[in-house]
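The values are calculated or read from the model by the stated rules, or taken from the named source; none is laboratory data. Just so we're clear, the structure is a prediction, and the values are computed from it rather than from any experiment. Note: ideal-geometry Cβ built from the backbone for every residue, glycine included; neighbour counts use all protein chains shown.
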Amino acid sequence: MKDKNKNIAEEMVKLTIDGMEISVKKGTSILHAAKQLGIYIPTLCHHEDLCVAGNCRVCVVDVEGWNTLTASCATPAIDGINVKTLTPKVRKARKDIIALLVSEHNTQCTTCYRSTNCELQTLSSEYNIDNERYISVLKKDVEIDKSSWAVEIDPSKCIRCQRCVRTCSQLQHVNALTVAGKGKEMRITTFMDLPLNDVVCTNCGQCIIHCPTGALTERRYFDDIWNAIGDPEKHVVINTAPSVRVALGEMLGFPVGTRVTGKMVTALKKIGFDAVLDTDFAADLTIMEEGFELLHRLKRKFVDFEDVALPMITSCSPGWVKYIEHMYPNHLMHLSSCKSPQQMFGALAKTYYADKKGIDPATIVSVAGMPCAAKKFEANRPEMNDSGFQDVDAGLTTREIGYMIKQSGMDFLSLEDSEYDSIMGESSGAAVIFGATGGVMEAALRTVYEVVTGREIPFKNLAITPARGLEGVKEASIIIENTTPEYKFLEGVEVKVAIAHGLKNARTIMEQIVAGKSPYIFVEIMACPGGCIGGGGQPIPTNDEIRRKRIEAIYAEDEGMKIRKSHEVEEIKQIYREFLKEPLGHKSHHLLHTKYRKRNRY
Amino acid sequence: MPNDSLKRVDFIFDKDYNCKEVLYDAFKLTRDEIIEEIIKSGLRGRGGAGFYTGVKWKYAREELADEKVVICNADEGEPGTFKDRAILEEVPSKVLAGMALCGKVIGAKKGYIYLRGEYNYLKPKLEQEINKFTDILHSELNFDFNIKIFSGAGAYVCGEETALLNSMEGLRGEPRNKPPYPTHSGLFGKPTVVNNVETLVYAVMVFKIGAEKFKNIGIQGSSGSKLFSVSGDTPKSGIYELEFGMKVSDFVNEFGDGDAKAVQVGGASGFCVPRKAFDKTTIGYQGKLKGNSLPTGGSMMIFNSSRSMYNVLHNYLEFFVEESCGQCVPCRIGTQQLLKGIEAIKKGKKSSEYLENLLALSETMRLTSKCGLGQSVGNSFSSIVENFKEEMIY
């Protein structure tokens, strides 16, 4: 049976495209065959992350002898066919289709957030579309849905390609967005046309980064931040997440995968933030708290023989947290009680930081620069006010930060590098890799293994390779040997861990848990494919090729760091010494941990 | 006065028929022999697209699968077509026999009738017929085959076979990308034959009449006869079974009211034949694109000189604007543009030259739409506009 499959997989077909012959694996689409020849056929509904839809028809090509043109994304290469991608017939059809889309579109490009990064705008300009060719069939009086903290829907800019719908169902298994109506009433909407805030939406923002136009965007808060910066009474601090520094450059003229940490810090200082701090500090703190929480759970299990919820699952990803609250409300005890780094940072900014700096916390505006849309929702969770104020005042996406830098008129390319401010600006390489799927696990293992055994984790150059890469669910296993006396109860225990990214894969892990068959002790889950580097707030486009490059940059950043383990960071030691006292201590519990709530499925 | 050039036949509603006997004889043949007979008869799909029935069955027969499915497409939704309803009312056992025959050939144990939502009143009687028929099938013909009725919900596009499959699977009734074709991956991924009601009846009738005789009826490439739903400006509206190959002029002489200016062949998604082309146009499958020989699902609408072809077209376009599934761009927006366009020209808001834009657009729709619905809107539009340009403008 296996051999038979192998033969099928290797069966090749030969075809001609624009006069060039090529052999491709059977099942390859004409679109991909053409790409191998360096011929780029325009697309709109196609996205490499998603299943084929074949509904925009922009990618049509002419196959000799066929009655109609065919959508190259949805048509597999067939042996012997002769394909033409640029005949007058094809060009005319393509132009017509783009013009039709324009006639249905709200073409106020000048004020659109996605202007210059819109696939319809690009095609329409490239094909020199006459705006007047067809009568406008744009629906009047369509309301923009601003009910969500994170995602904004403007149906007047929707081209109904269903990329968001496929993303929400296929990648995320959430199905917040769906198709309703037929004919001219066909539209993308939510369950019962309810506002987005009232349906099961995780705010992950994957719909945004898969949207070809400005129909789906993040709620934007940068104007408020500009105002705060301009207010001399306010002390505005920003902390930036690890994934921002490896992706921001894409918006500002650098190739994908460029690390722009130093330039970003300089730019933010020039913009006028009173302090530019590092979310990585809070990430290191998360490792301390979460690591000890795991050890605490294990102790209760192995020493006290208590019924402890295992595996423990990470809680850094607010999209994932909202997902489990909706979908598995009876299994919330598996979530680590640790707040996400953003929320830990916020709680400390208005307590520890304010105290150290001698600033009235009431004047502090705490901003988080995040690769994420869900962080906006998280910042506004009503329980996130342990500092006595709203802990985080605003979450900005990488894109919003990019736009702030553009608005400031700086020449980003030529900026000097600067260091993060202190305090809460120092961090380790372990914190940087939080941005990639598997990074939190790797960072945790680096610390936990050392705490338990007194030795460094036995991976060359600290790179825990089984935790790395883009496979949907990754597994690793370590047998604990020669523990320190304190952790003798772990002697010989096999620690099985798993890592999942994309909520589809999260579901796999959760179904195992529900069935009582999960073999794991510790699991990392990130809502977005690839982890935070592929977050819903990252530059557009995002696809696997781009994710890989951002991930490479993340690991390069880690390797370049002097300190690679969270527990070795001086500022971390200092905060425990001077403020928190100990992981899981009273103060930590108050400021750094949280509770979750059961939410409805519908 | 009866017209000799219109050859009437009576296969479909002929009551001198016993499904048990016909199937009993057919089942004596091997599956491949049955397919061979159907291919030899030249039978093509009566839903309008005209795919060779025997070939379709052969494809499904060749698939290796644990389970296969036969579906009778009774989602008769084309404006001006009402023959499937009559078949299901008058001779349902023939339809069931056709499904059983197909099931036998391809190796299916399940059959479904996808019944148009508006035909739900037929359901009780059909269910009785199904029970009676499957009893005979199980006990006397020793064939384990069961038939269920699936009710459609009224969307025109669900008559398109892959939209029909989606609808049965509980998905939105939207056409799928082809390939894969249903014979390879149909209902829930199982090899599936979807045949029109009338096609299934003819498939069994081939075994009653004989493939050779069936082939000799009609014309080359369009064997046999067909049910026509005649409506419009005619004193004799109704359902007629006629041989393929008739000239539209002969048809009009027989059925028209003496003042016919156009015949819409194949319903809203068909072709409009103007008076000047009555003589040159025959009804059959071949030469589909040249327009001198037209296929049809059986709808023949006659319009006399009192009718405004602008209104006819406007009516059709309104229908398509609503009934497009909306997923593909050329169909969803194209239909709206054609409708708005002719309205604007009529009101003088667009010049008559704008018609050329619309004709070009209708060609793009024909070339690029995902399914037959969007593709055929272009045919219908251009055949009306090109022949009745003045009526569109003035």
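Results, tabulated for the structure shown:
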| quantity | calculated |
| --- | --- |
| Odd one out for B:THR296 among (1) farther than 24 Å from B:GLU174 by Cβ; (2) within 13 Å of chain A (Cβ to nearest Cβ); (3) in contact with a strand residue (DSSP E or B) (Cβ under 9 Å, 6 or more places away or on another chain); (4) among the hydroxyl-bearing types (Ser, Thr, Tyr) | (2) |
| Complete set of residues in region B:142-195 that are more than 12 Å from chain A (Cβ to nearest Cβ), surrounded by fewer than 21 Cβ atoms within 10 Å (Cβ to Cβ), assigned to a loop (DSSP other than H, G, I, E, B) and in contact with a Leu (Cβ under 9 Å, 6 or more places away or on another chain) | B:PHE143, B:ASP144, B:GLU169 |
| Single residue of B:GLU198, B:GLU174, B:GLU254 found to be of a type in the set (D, E, K, R) and in contact with a Cys (Cβ under 7 Å, 6 or more places away or on another chain) | B:GLU174 |
| Single match in A:GLU511, A:GLU552, A:GLU524, A:GLU582 (criterion: modelled with pLDDT of 95 or more and either assigned to a strand (DSSP E or B) or among the basic types (Lys, Arg) (or both)) | A:GLU524 |
| Single residue of A:ALA99, A:ALA150, A:ALA93 found to be more than 12 Å from chain B (Cβ to nearest Cβ), aliphatic (A, V, I, L, M) and surrounded by 14 or more Cβ atoms within 10 Å (Cβ to Cβ) | A:ALA150 |
| Any chance A:GLY214 is over 25 Å from A:ASN600 (Cβ atoms), out of contact with any helix residue (DSSP H, G or I) (no Cβ under 6 Å at 6 or more places or on another chain), modelled with pLDDT of 95 or more and of a type in the set (Gly, Ala, Ser) | no |
| Those strands (runs of 3 or more DSSP E) lying entirely in region A:1-90 with at least 1 residues more than 13 Å from chain B (Cβ to nearest Cβ) and of a type in the set (A, V, I, L, M) | A:12-17, A:20-25, A:82-84 |
| In region A:110-127, the residues that are assigned to a helix (DSSP H, G or I) and either in the same structural domain as A:GLU250 (by TED's automatic domain parsing) or crowded, with 18+ Cβ neighbours inside 10 Å (or both) | A:GLU119, A:LEU120, A:GLN121, A:LEU123, A:SER124 |
| Some residue of region B:6-18 being of a type in the set (S, T, N, Q), out of contact with any His (no Cβ under 7 Å at 6 or more places or on another chain) and in a loop (DSSP other than H, G, I, E, B) | yes |
| Criterion violated by B:ILE71 - all others in (1) under 19 Å from the mean Cα position of the chain (by Cα); (2) part of a helix (DSSP H, G or I); (3) within 12 Å of B:VAL193 (Cα to Cα) satisfied | (2) |
| Any chance A:ASP130 is within 13 Å of another protein chain (Cβ to nearest Cβ) and surrounded by fewer than 16 Cβ atoms within 10 Å (Cβ to Cβ) | yes |
| Scope region B:193-212; condition under 20 Å from B:LEU242 (Cβ atoms), at pLDDT 95 or above and of a type outside the set (A, V, I, L, M, F, W, C); matching residues | B:ASN196, B:GLU198, B:THR199, B:TYR202 |
| Residue identified as farther than 27 Å from B:GLY173 by Cβ and within 14 Å of another protein chain (Cβ to nearest Cβ) among A:LEU177, A:LEU123, A:LEU138 | A:LEU123 |
| Number of the condition not met by A:GLU104 [criteria: (1) in contact with a helix residue (DSSP H, G or I) (Cβ under 6 Å, 6 or more places away or on another chain); (2) away from every other protein chain (no Cβ under 14 Å)] | (2) |
| Cross-chain or 6+ apart pairs with Cβ under 9 Å, region B:358-375 first and in contact (Cβ under 8 Å) with a residue 24 or more places away in the chain and charged (D, E, K, R), then part of a helix (DSSP H, G or I) and crowded, with 22+ Cβ neighbours inside 10 Å | B:LYS370/B:PRO330; B:LYS370/B:CYS331 |
| Answer residue from region B:321-354, given it is at the interface with chain A (Cβ under 7 Å from one of its Cβ atoms) and of a type in the set (D, E, K, R) and is farthest from A:GLN162 (Cα to Cα) among those | B:LYS340 |
| Within region B:206-229, tally of residues that are surrounded by fewer than 24 Cβ atoms within 10 Å (Cβ to Cβ), closer than 20 Å to B:GLU90 by Cα and either in contact with a His (Cβ under 7 Å, 6 or more places away or on another chain) or of a type in the set (A, V, I, L, M) (or both) | 1 |
| Some residue of region A:161-182 being assigned by TED's automatic domain parsing to the domain that holds A:ILE208, under 12 Å from A:SER103 (Cα atoms) and among the hydroxyl-bearing types (Ser, Thr, Tyr) | no |
| Which listed residue is more than 20 Å from A:LEU44 (Cα to Cα) and not hydroxyl-bearing (Ser, Thr, Tyr), from B:GLY326, B:GLY378 | B:GLY378 |
| The listed residue being at pLDDT 95 or above and either farther than 30 Å from A:ASP198 by Cα or outside the structural domain of A:ILE405 (by TED's automatic domain parsing) (or both), out of A:TYR602, A:TYR576 | A:TYR576 |
| Strands (runs of 3 or more DSSP E) (entirely within region A:145-244) containing at least 1 residues that are free of Cβ contacts under 8 Å to residues at least 40 places away in the same chain and not hydrophobic (A, V, I, L, M, F, W, C) | A:177-180, A:187-190 |
| Which listed residue, of A:HIS47, A:HIS105, is in the same structural domain as A:GLN206 (by TED's automatic domain parsing) and touching a residue at least 12 places away in the same chain (Cβ under 8 Å) | A:HIS105 |
| Checking B:SER306 against (1) surrounded by fewer than 24 Cβ atoms within 10 Å (Cβ to Cβ); (2) within 14 Å of another protein chain (Cβ to nearest Cβ); (3) among the polar types (S, T, N, Q), the condition it does not meet | (2) |
| When residues of region A:411-440 are limited to those that are of a type in the set (A, V, I, L, M) and surrounded by 24 or more Cβ atoms within 10 Å (Cβ to Cβ), the one nearest to A:LYS269 (Cα to Cα) | A:MET424 |
| Residue list for region B:360-394, filter: small (Gly, Ala, Ser), crowded, with 23+ Cβ neighbours inside 10 Å, part of a helix (DSSP H, G or I) and within 12 Å of another protein chain (Cβ to nearest Cβ) | B:SER362, B:GLY374, B:SER376, B:GLY378 |
| Residue selected from region A:14-40 under the condition under 33 Å from the mean Cα position of the chain (by Cα) and under 15 Å from A:THR70 (Cα atoms), by the criterion surrounded by the fewest Cβ atoms within 10 Å (Cβ to Cβ) | A:HIS32 |
